[in-house]
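**Student:** What follows is a structure written as structure tokens; I'll ask about it next.
The values are calculated or read from the model by the stated rules, or taken from the named source; none is laboratory data. Just so it is clear, the model here is predicted, and its values are computed rather than measured. Glycine also receives a Cβ, built like all others from the backbone with ideal geometry; neighbour counts cover every protein chain displayed.
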Amino acid sequence: SRPIVAIVGRPNVGKSTLVNRIAQTSDAIVHQSRGVTRDRSYHVADWNGREFMLVDTGGIEPMKSDDVFATSIRDQALAAAEEAAVILFVVDGSVGVTEEDESVARMVRKLKKPTFLLVNKLDNPARENDSLWEFYSLGVGDPVAVSALHGHGTGDLLDEVVSLL
Ligand code: GDP
Ligand code: MG
């Protein structure tokens, strides 16, 4: 059976775009509006002959007891992370650290699994790497610059991910 790599992060950071790039499909639903992927979706991926399952999730919203939809999204992300061998935690480098990112970080840190902190939407890493540093505050290790849209950073990332599977 294929090991599981879970993609977590708040809505709209580019998780589904990253899934499409890594799995080289377009079946993860990318949308401008928040929280479109309600459930976990599984995508077969292969890097240098190593197969794994990428699990896309709808994102993790902060706890709001009156918001059943947000709670179910968060539960899906937690369930995906719990079954994963490796976690890819995606944040938005064009926005910076948000409270929702901090909420995701707390969940991820508790799981104590190998985790990559991916600072996405750094479409021009040479110019934008300055925005990496503030993400150290999330306490989940070294932030890695990627652009899901253009593919920058994803090859080196996958080399490291599959070395842990
Ligand atoms: P998700 O909610 O985390 O799954 O985010 P999506 O993959 O649906 O992407 C949300 C929006 O961010 C879409 O408009 C994407 O085209 C855009 N996006 C995703 N990755 C990048 C990136 O690397 N650079 C830029 N500029 N936009 C991106
Ligand atoms: Mg999505």
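**Student:** Let me confirm something: among Thr71, Thr37, Thr25, which residue is modelled with pLDDT under 90 and more than 16 Å from ligand 2 (Cβ to nearest atom)?
**Tutor:** Exactly one of Thr71, Thr37, Thr25 is modelled with pLDDT under 90 and more than 16 Å from ligand 2 (Cβ to nearest atom), namely Thr71.
Each row is one residue, and each column tells you yes or no for (1) within 18 Å of Thr115 (Cα to Cα); (2) modelled with pLDDT under 90.
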residue	(1), (2)
Gly49	no, no
Lys64	no, yes
Asp75	no, yes
Ala79	yes, yes
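**Student:** Something else about it: Taking Leu132 as the residue in question, decide whether it is surrounded by fewer than 19 Cβ atoms within 10 Å (Cβ to Cβ), out of contact with any Pro (no Cβ under 8 Å at 6 or more places or on another chain) and either charged (D, E, K, R) or free of Cβ contacts under 8 Å to residues at least 40 places away in the same chain (or both).
**Tutor:** Taking the combined requirement at face value, the residue does not satisfy it.
**Student:** Looking only at the stretch 135-160, which residues are within 16 Å of Gly9 (Cβ to Cβ) and away from ligand 1 (no atom under 16 Å from the Cβ)?
**Tutor:** Once the filter is applied, which keeps residues that are within 16 Å of Gly9 (Cβ to Cβ) and away from ligand 1 (no atom under 16 Å from the Cβ), the stretch 135-160 yields Ser137, Leu138, Gly139, Val140, Gly141.
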